[in-house]
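Read the structure below first, then the notes.
None of the figures in this text is laboratory data; all of them are computed from the coordinates on show. In this text the structure is predicted, and so the values were computed from the model without any measurement. Ideal geometry is used to build each Cβ from the backbone, glycine not excepted, and the neighbour counts take in all protein chains shown.
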Amino acid sequence: MGGIPRICAVLAAVVVTATACGSAGSTNGASSGSSGSGAGSSRGCVAPSTVVFADNHPVNVLAVRPVAQGIDAFGELEKQCHTTVKVVEYGNGAEIMNALVGGQADIGDSSAGSFAKVEAQGKSMQIVFSAFLGGGAVLIARKQYQASRGTDIAKFAGGTWGYPDASGACAFFDQSIAEHAGINWAHQSQVAFGANSAAPVTLASGRADILCTDPSTAAAAVAAGTAYVVFNTNDRATTVPIMGLQLGGVYGMNKSFVDEYPVLAQLLVDAFLKSLKAIQAVSSDPAKVLALFPQADQGPLEQGWDQSWPLAAPAITADTGAMPPQAIDDTLAFDQKFGLVTAAQVTAARSMFNNTFIDKAIQAN
């Protein structure tokens, strides 16, 4: 996908996230359960009557939360804690963070960079789960270049590079990959094409020679015969040497929520891990992965799923839900390099990565 500026998270600024996950969601009726109104308690679990999860519209790389709903991973905690998990979709990671800070949401899916900015502004946050490891985006090029340029990035020097948003993760992925290939980024023509859905026509019309978008859109362009895959930021072997190990999308809460509802926080992370493991168990079969999603989400994702899932899968199959020290360091260093966070913000942000809950969940499973 984030925002991070990374996959809406990544694509909120995340990735591809930028607008990739973008589907401006309704925020009608969103209310924070953090107030404690209607709180229930059962077997040590104290919870608000409703737990609001702020998220982006489902795309393949953002599978953990929707699959958690699809397999009813929240069902047990809802019964135990006498609460309801409600998902409210927002247009991007920045809106998600605003909802968290403003009290309209209790937990949100955004980028580490987005959380870092909020943390640096004095709003104590806790990142408790890594939804995927990797950039969440894919670089595709005009089909006519496949024979002559292939995946040799250096051969795109002097061409036009595209991304949804100049301040989003894809722009920085383009730059990093180009510079690693010895290309002078300042001398390249660039185009911001807006919504990820505009990526295929941007290539087909000749407005861009190579561009960055989300896996679903990339796969659709390839299937249409207008593009081919040049670089997959979800492929750790090729991406880490260039951009480090990226925390593509993370789930976080206000620290006050975690402190008030520690048992609930643990049960939520348990549910996320259950979802992640369910995906990983069938990851080699795209159809079985899609079947895990809620029925309402399957239809919009179905077209091109068999082609897009393999592009997103590496970011999820290599994930454990935890935030490895290398991923924290590399992600913050990447964000600082491109001015998404300052050195002071990076320092402040390190305290927000909390592996306590996911470590406990992993040990229990």
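Taking a straight Cα-Cα cut-off under 15 Å and skipping sequence neighbours fewer than 8 places away in the same chain, the aspartates and glutamates within cross-link reach of Lys143 are Asp152, Asp209. Which lysines, if any, have their Cα less than 28 Å from the Cα of Lys274, not counting same-chain residues under 8 positions apart? Hits, sequence-local ones excluded: Lys79, Lys86, Lys255, Lys288, Lys360. When shorter helices are ignored and each DSSP H run of at least 4 residues is given -39500 (n - 2.57), the per-residue value for the chain at 222 nm works out to -12000 deg cm²/dmol. Applied to the range 137-149, the Karplus parametrisation 6.51 cos²θ - 1.76 cosθ + 1.60 on θ = phi - 60° returns per-residue 3J(HN,Hα) values of 10, 9, 9, 10, 10, 4, 3, 5, 8, 4, 6, 8, 10 Hz, with x for Gly and Pro. Size check on the range 220-332: the Cα extents along the three principal axes, sorted descending, read 53, 38, 22 Å. Full extension of the segment from Ala281 to Ala364, taken as 0.36 nm per residue of separation minus the current Cα-Cα distance, would add 28.1 nm.
Using the alpha-carbon positions of the chain, Rg (one decimal) and Dmax (whole number) come out as 19.4, 65 Å. Note on Ala318 and Thr347: the extension gain reaches 7.7 nm, defined as 0.36 nm multiplied by sequence separation minus the Cα-Cα distance.
Shown is the FRET efficiency for Arg207 and Ala186, computed with R0 = 22 Å from the Cβ-Cβ distance and rounded to the nearest 0.05: 0.65. What's the long-distance tail for the range 138-243, i.e. % of Cα pairs beyond 25 Å? Counting every Cα pair in the range 138-243, those more than 25 Å apart make up 8 percent.
Evaluating 6.51 cos²θ - 1.76 cosθ + 1.60 at θ = phi - 60° for every residue in the range 67-80, the Karplus couplings come out as 5, 4, 6, x, 9, 6, 5, 8, x, 5, 5, 4, 6, 5 Hz, glycine and proline recorded as x.
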